[in-house]
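Written out below as structure tokens is the structure these notes cover.
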Amino acid sequence: MKMVFLGPPGAGKGTLAAMASKSMGLPHISTGDLFRAAIKNETELGKKVKGILAEGKLVPDDLTIALIRERLGADDARDGWILDGFPRTTGQAEALQSIAPVELVVNFDVPDETILFRLTGRSICKDCGKIYHATTMPPAREGVCDICGGPLYVRSDDREEAIRTRLNAYREQTEPLIAWYGKLGKLVTIDGSGSPDAVYIRFAEASRV
Ligand code: AP5
Ligand code: MG
């Protein structure tokens, strides 16, 4: 199954993709995670995109498409994947169709107040990437990952100003993809509010997995 998770920042794409990846045995490929890894490792790409991510703007299409082209060429991506946060522009969606046509696009619909609540409470494990929320999914010990014991951190773009910029980028550049994939007949929209388990049940029904 070649699947795309679409939705605004904080919609729960990463949380649901981790659950779906585990149960379906598909690689979870997040362009945001790939950029953050490049920044952490201080690669050439990381140096180019560090400021862009911190501000909440979109990385230019040429860099993003090259990154995903390389990742989808890896052995583990031959039979399917869950793309989280890619594509985000029509240019990226067109490029993806020429690399490997998508079979299903799942659009997570959540109200703005939920987005803000989720993003302002998020923390992430520096070592394994597990996503937490101060209220809805707190770790057992504050600041420490339940899974691997690694330290938790807050993303540089989970500040109010960067969140505003990310939401604007989503509305202007990414939201048009809902209609774009709708026309291709590949889109399902699900209600992304409620607990992760409740959202997962809706996802499983909508994608019949
Ligand atoms: P990216 O990392 O993709 O960020 P994003 O799209 O802004 O989305 P988030 O990761 O913030 O939200 P999410 O939907 O994954 O929510 P999560 O599951 O964490 O991109 C970051 C940046 O990289 C971009 O701004 C851009 O600069 C660059 N970039 C990436 N891809 C690009 C592309 N294709 N083109 C150009 N630039 C690109 O959940 C959020 C919080 O809510 C967590 O705390 C979680 O615990 C909690 N939560 C989740 N689901 C639930 C639930 N059901 N109930 C209660 N709490 C929940
Ligand atoms: Mg994410």
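The values are calculated or read from the model by the stated rules, or taken from the named source; none is laboratory data. Please read these numbers as outputs of a predicted model, since none were measured by experiment. Methodologically, a virtual Cβ is constructed for each residue, glycine included, from the backbone with ideal geometry; neighbour enumeration extends over all protein chains shown. Side chains are part of the model used for accessible areas, which takes the heavy atoms of the whole protein and leaves out ligands, DNA and RNA. Shrake-Rupley method; radii C 1.70, N 1.55, O 1.52, S 1.80 Å.
For this structure, a couple of remarks:
- Scanning segment 195-209 for residues that are under 21 Å from Thr135 (Cβ atoms) and open to solvent by less than 50 Å² (accessible area, probe 1.4 Å) gives Pro196, Ala198, Val199, Tyr200.
- Sub-8 Å Cβ pairs linking a first residue in segment 196-209 that is among the hydroxyl-bearing types (Ser, Thr, Tyr) to a second residue that is open to solvent by 30 Å² or more (accessible area, probe 1.4 Å), at least 6 apart or interchain, are Tyr200/Met19; Ser207/Met1; Ser207/Val188, ordered by first then second residue.
- Within the option set Ala95, Ala17, being more than 8 Å from ligand 1 (Cβ to nearest atom) and either crowded, with 17+ Cβ neighbours inside 10 Å or modelled with pLDDT of 95 or more (or both) holds for one residue only, Ala95.
- Residue count for segment 20-58, restricted to those that are assigned to a loop (DSSP other than H, G, I, E, B), open to solvent by 30 Å² or more (accessible area, probe 1.4 Å) and within 15 Å of Asp157 (Cα to Cα): 2.
- Among the candidates Asp112, Asp127, Asp146, residue that is more than 25 Å from Val4 (Cβ to Cβ), modelled with pLDDT under 95 and either open to solvent by 70 Å² or more (accessible area, probe 1.4 Å) or out of contact with any Asp or Glu (no Cβ under 6 Å at 6 or more places or on another chain) (or both): Asp127
- Residue list for segment 1-19, restricted to those being part of a strand (DSSP E or B), of a type in the set (A, V, I, L, M) and farther than 25 Å from Met137 by Cα: Met3
- Residue list for segment 23-66, filter: in contact with a strand residue (DSSP E or B) (Cβ under 6 Å, 6 or more places away or on another chain) and more than 16 Å from ligand 2 (Cβ to nearest atom): Leu26
- Residue within segment 62-78 that is touching a residue at least 60 places away in the same chain (Cβ under 8 Å) and among the aliphatic types (A, V, I, L, M) present: no
- For segment 64-86, the tally of residues that are charged (D, E, K, R) and under 13 Å from the mean Cα position of the chain (by Cα) stands at 1.
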